[in-house]
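The values are calculated or read from the model by the stated rules, or taken from the named source; none is laboratory data. Since this is a predicted model, take the numbers as computed values, not measurements. Please note: Cβ atoms are built from the backbone with ideal geometry, for glycine as well, and neighbour counts cover all protein chains shown. These accessible areas exclude ligands, DNA and RNA; they are computed on the full protein's heavy atoms, side chains included. Shrake-Rupley method; radii C 1.70, N 1.55, O 1.52, S 1.80 Å.
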Amino acid sequence: MNFLLRFVVFCLDPLGLGRRFLIRPALNLGWNVYDRVRSKADEKVGTVRELVLRLGLIAFAVVLIIWLAVFMYAAFYYVYMPAISHTRPVHMQFKTCLETSTPCTFPHAHVSLTKKQQLLMVGQAYKVIVNIDMPESPQNLELGMFMVCAEMRDYDSMLRGHSCRSAMMRYRSPLIRMISTWALSPLYVLGWKEEFQQVPVEIFSRYLEERQHPITDVYVEIQSQKIQFYTVTLHIVADFTGLRYIMFNWPVLSAIVAISTNLFFILVVFLLSWYHWSDAKWLHSVQIKYARLTKSLEPGVVRASSKASSLRDDDDDLLAYGDKSDIADVGGDTLSDVDAEADDLVLVKKSASGKTDSQDALRKRHGKKTTADH
């Protein structure tokens, strides 16, 4: 089959002109076009891959920087900001009297905050408040004022704080009570509202925790035998001031400012590290130029530079005198020619530094040289 194909081709083109001038150039041209297209495609693919890689690295760096800024603010908020409040129920205890329906002793209770641990933050001021839910009963309305006392003790049962505060129910006239009762009677009937007042008693206004003696127990006592109440709760609230006050009352604004500040400093550190580890030739050249400028402005350096320039000129003169033999050997000139050229060189250098001869003397010397040659 191969022999028949070659025979047919030979019969159609016995001298091989078509193969030589048509088929082979067409095949070469096709292969060249294919190679160029393939190389360009490979280059485009390479550039696209490099572009995607760079974009990916930039996106990763941006996400990492933002995440670091947010994480730093969250960690600072967690460490710097204490818990806003701590609420504990107060279960009052007293001894009952058989003769009367009132208690024979003052209602008192022991509240356990924690067990040998530090619940409150050191250096932060706290408000200790006892909330008493008292019904608007005739007995409570006739009760008047009463005292509420509290003691703060550590895990060794050592007294760390004691305070007593007076309290009473808010006064409302019979007319106001009747109007409010008639107005809110549907809510009272449906059980959505009750006739009671919450009396808050601030025991400590600014209590400061100690690191060596953390508070673990609180003892509460209401010094009244005729008081009636539903529930009593102990509420410890942090009294924020300064930066903590701003972070608590304006959390969004403080978060934006803090995260922006973290981003700024992280970007500064990142850029300085980038220029330090990268090939920053322009920065190095700027530093060299600045160092040269500062050295040139110093008076002692200016004098030294002038002396160095004069010494450099003298060295050049000595070099010109010392290289006469070398010039003669290389150029093949006579010793007199070399001496004349060396003298001319010295004159040129001296005239450039402004020390001795002028351009006219140099021209006369060249005229003498040409006449001597002729």
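Report yes if residue 207 is open to solvent by less than 90 Å² (accessible area, probe 1.4 Å), touching a Gly at 6+ places or on another chain (Cβ under 9 Å) and within 24 Å of residue 83 (Cα to Cα), otherwise no. Steps first, answer last, please.
On the way: open to solvent by less than 90 Å² (accessible area, probe 1.4 Å): yes; touching a Gly at 6+ places or on another chain (Cβ under 9 Å): yes; within 24 Å of residue 83 (Cα to Cα): yes.
Yes: the conditions hold for residue 207.
If a residue has to be under 18 Å from residue 227 (Cα atoms) and among the aromatic types (Phe, Trp, Tyr) to count, how many in region 115-165 make the cut? Spell out the reasoning first.
Residues of region 115-165 that are under 18 Å from residue 227 (Cα atoms), as a first pass: 130-150, 164-165.
Then keep just the ones that are among the aromatic types (Phe, Trp, Tyr); that gives 146.
Final tally of qualifying residues: 1.
For residues in region 130-163 being without any contact (Cβ under 8 Å) to a residue 24 or more places away in the chain and assigned to a strand (DSSP E or B), which is surrounded by the fewest Cβ atoms within 10 Å (Cβ to Cβ)?
Here the residue is 159.
Any residue in region 164-175 that is over 30 Å from residue 112 (Cα atoms) and open to solvent by less than 70 Å² (accessible area, probe 1.4 Å)?
yes
In region 80-129, which residue that is polar (S, T, N, Q), modelled with pLDDT of 85 or more and part of a strand (DSSP E or B) is farthest from residue 209 (Cα to Cα)?
Checking each candidate, the answer is 93.
Considering only region 261-275, state which residues are without any contact (Cβ under 8 Å) to a residue 12 or more places away in the chain and open to solvent by less than 80 Å² (accessible area, probe 1.4 Å). Show your work before the answer.
Initially, region 261-275 is screened for residues without any contact (Cβ under 8 Å) to a residue 12 or more places away in the chain, giving 261, 264-265, 268-269, 271-275.
Selection gives 261, 268, 273.
What tally of residues in region 49-94 results from selecting those that are touching a Phe, Trp or Tyr at 6+ places or on another chain (Cβ under 8 Å) and closer than 21 Å to residue 268 by Cβ?
First, pick out the residues of region 49-94 that are touching a Phe, Trp or Tyr at 6+ places or on another chain (Cβ under 8 Å): 61, 65, 81, 84, 92, 94.
In the following step, the residues that additionally are closer than 21 Å to residue 268 by Cβ were identified as 61, 65.
Count: 2.
Working only within region 182-205, note down all residues that are in contact (Cβ under 8 Å) with a residue 60 or more places away in the chain and farther than 18 Å from residue 159 by Cβ.
Applying the first criterion (in contact (Cβ under 8 Å) with a residue 60 or more places away in the chain) to region 182-205 yields 195-205.
Passing the criteria: 195, 196, 197, 198, 199, 200, 201, 202, 205.
Of everything in region 248-303, what is modelled with pLDDT under 80 and outside any helix (DSSP H, G or I)? Give them in sequence order.
Residues satisfying the conditions are 278, 279, 280, 298.
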